[in-house]
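Read through the structure below, which is laid out as structure tokens, and then see the notes.
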Amino acid sequence: MSAVSHAGLQGTLDVSRALTDAPEAHGTLAGALCAAHDYSLDDWLAELYADGRADNQARAALFEVFEATRAALASDQMSFAPLLPDDELPVEQRTQALGQWCQGFLYGLGSSRIPDPDALPDSIAEVVRDLAAIVHVGVDPAETAESNESAYMELAEFVRVGAQLLFDELQPWRGPVAADRDSSALH
């Protein structure tokens, strides 16, 4: 996923007047990819834009993010990472972005055929519930900057591993891959 970045995705979304910011957009993509084999670039664009379309330049950039995210989740190298702001930004902004990413992830996951979390195996349901709690995350003003930074890093790693675990464990619910269709290709 090193070819794509939070800043690059945010820039594309800003210039193309998308309806959401990078963390929520990427979270939605990751959640939907965990939930459905047939989720396409066009499906994602429908979530990002009022008319479901992006200009050719934005579409090409978003296709790159789409493919990198799909490949990272499917890889056995655990290379997936949520697209979050760089560490140079204040921990408050990064924490807020992490909550937005989780909100998008849960939306993407919930807009599929995946059953209610309570119907899933306990380990998977617990991760979904934890991600739902992280939506409301914030920094603790009573703690030191180092403590808040450490807590953020732990949560970001939990989210990264949790999303990968959900992708792996939800495979039986995603359905078969359509071998004769690649609706994510650029047109």
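The values are calculated or read from the model by the stated rules, or taken from the named source; none is laboratory data. These numbers come from a predicted model, not from an experiment. Neighbour counts run over all protein chains shown; Cβ positions are idealised from the backbone, glycine included.
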Legend entry - Filter result for the condition that a residue is modelled with pLDDT of 95 or more and surrounded by fewer than 22 Cβ atoms within 10 Å (Cβ to Cβ), over 53, 17: 17
Inset, instruction - For residue 100, indicate whether it is farther than 25 Å from residue 174 by Cα and part of a helix (DSSP H, G or I). - result: no
Inset, instruction - Please indicate, with yes or no, whether at least one residue in segment 141-157 is in a loop (DSSP other than H, G, I, E, B), modelled with pLDDT under 95, within 29 Å of residue 59 (Cβ to Cβ) and small (Gly, Ala, Ser). - result: no
Inset, instruction - Would you mind stating whether residue 133 is surrounded by fewer than 13 Cβ atoms within 10 Å (Cβ to Cβ), modelled with pLDDT of 95 or more and either over 13 Å from the mean Cα position of the chain (by Cα) or in a helix (DSSP H, G or I) (or both)? - result: yes
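From the list 33, 84, exactly one residue is at pLDDT 95 or above, within 14 Å of the chain's Cα centre (by Cα) and over 19 Å from residue 112 (Cβ atoms). Which is it? Reasoning before the result, please.
On the way: 33 fails: over 19 Å from residue 112 (Cβ atoms).
After ruling out the rest, the residue left standing is 84.
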Inset, instruction - Would you check if residue 92 is in a loop (DSSP other than H, G, I, E, B) and either of a type outside the set (Val, Ile, Thr) or farther than 26 Å from residue 132 by Cβ (or both)? - result: no
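Quick one: in segment 105-130, of everything that is in a loop (DSSP other than H, G, I, E, B) and closer than 28 Å to residue 46 by Cβ, which residue is modelled with the highest pLDDT?
Checking each candidate, the answer is 111.
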Inset, instruction - Test residue 2 against the stated conditions and say whether it is at pLDDT below 95, within 16 Å of residue 156 (Cβ to Cβ) and polar (S, T, N, Q). - result: no
